[in-house]
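Chemist: Here it is: the structure, laid out below.
Bear in mind these aren't lab numbers, they're just calculated from the coordinates by the rules spelled out. What you are looking at is a predicted structure, and each value in this text was computed from that prediction instead of being measured. Glycine gets a Cβ as well: all are built from the backbone with ideal geometry, and neighbour counts include every protein chain shown.
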Amino acid sequence: MVLKIEGIDTVEAAETLRGGELCIPKEDRPPAPEGEVYLNDLIGCHILEQPDGEELGTVVDYHEYGGPVLLEVHGGGGQLLIPFVPAICRRVDVAAKSILVTLPEGLKDL
């Protein structure tokens, strides 16, 4: 992607921004491509466990450590880190602020 930032007119000036974070207002970003989500839209989603829909908590943050994104979930059982992968996060509904999960055996015990 090539960007033009107002007031940055040379390669040297652009180099001073290397490693920085580029943010745009939420209302100005394009919609996520079909089947994808913006990670920050997951914050505030309720995690519901299959098959009975038990609420495990709410996504308060996400972490990227080089593997799958981990959703940090806080709820009645404390904190959970849930990998954001299709095998676990079966249905994501950003509009309804819910994520339906099937947790592997023992994940809640970690």
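Chemist: Could you check how many residues of the range 34-85 are of a type in the set (D, E, K, R), within 13 Å of the chain's Cα centre (by Cα) and surrounded by 12 or more Cβ atoms within 10 Å (Cβ to Cβ)? If you could, list the steps in order and put the result at the bottom.
Modeler: At the first step, the residues of the range 34-85 found to be of a type in the set (D, E, K, R) are 34, 36, 41, 49, 52, 54-55, 61, 64, 72.
Next, only the ones that are within 13 Å of the chain's Cα centre (by Cα) stay: 36, 41, 61, 64, 72.
The next check asks that each one be surrounded by 12 or more Cβ atoms within 10 Å (Cβ to Cβ); those that pass are 41, 61, 72.
Matching residues across the range 34-85 total 3.
Chemist: Ile5 passes all but one of (1) within 17 Å of the chain's Cα centre (by Cα); (2) in contact (Cβ under 8 Å) with a residue 12 or more places away in the chain; which number fails?
Modeler: Of everything listed in (1) within 17 Å of the chain's Cα centre (by Cα); (2) in contact (Cβ under 8 Å) with a residue 12 or more places away in the chain, Ile5 misses just condition (1).
Chemist: Inspect all residues belonging to the range 36-51 and state whether any of them is in a helix (DSSP H, G or I), in contact with a helix residue (DSSP H, G or I) (Cβ under 9 Å, 6 or more places away or on another chain) and on the phi < 0 side of the Ramachandran plot. Full working, then the answer.
Modeler: Applying the first criterion (in a helix (DSSP H, G or I)) to the range 36-51 yields 39-42.
Okay, now just the ones that are also in contact with a helix residue (DSSP H, G or I) (Cβ under 9 Å, 6 or more places away or on another chain), so 40-41.
Checking the rest, the ones that are also on the phi < 0 side of the Ramachandran plot come to 40-41.
Looking for residues that are in a helix (DSSP H, G or I), in contact with a helix residue (DSSP H, G or I) (Cβ under 9 Å, 6 or more places away or on another chain) and on the phi < 0 side of the Ramachandran plot, one finds at least one in the range 36-51, hence yes.
Chemist: In the range 1-29, how many residues are under 15 Å from Val94 (Cα atoms) and in a loop (DSSP other than H, G, I, E, B)?
Modeler: 0
Chemist: Another question, then. Out of the range 69-92, which residues are farther than 17 Å from Glu54 by Cβ and either outside any loop (DSSP other than H, G, I, E, B) or polar (S, T, N, Q) (or both)? Spell out how you get there, then give the answer.
Modeler: To start, the set of residues in the range 69-92 that are farther than 17 Å from Glu54 by Cβ comprises 69-70, 72, 81, 83-87, 92.
Across the range 69-92, the qualifying residues are Leu70, Glu72, Leu81, Pro83, Val92.
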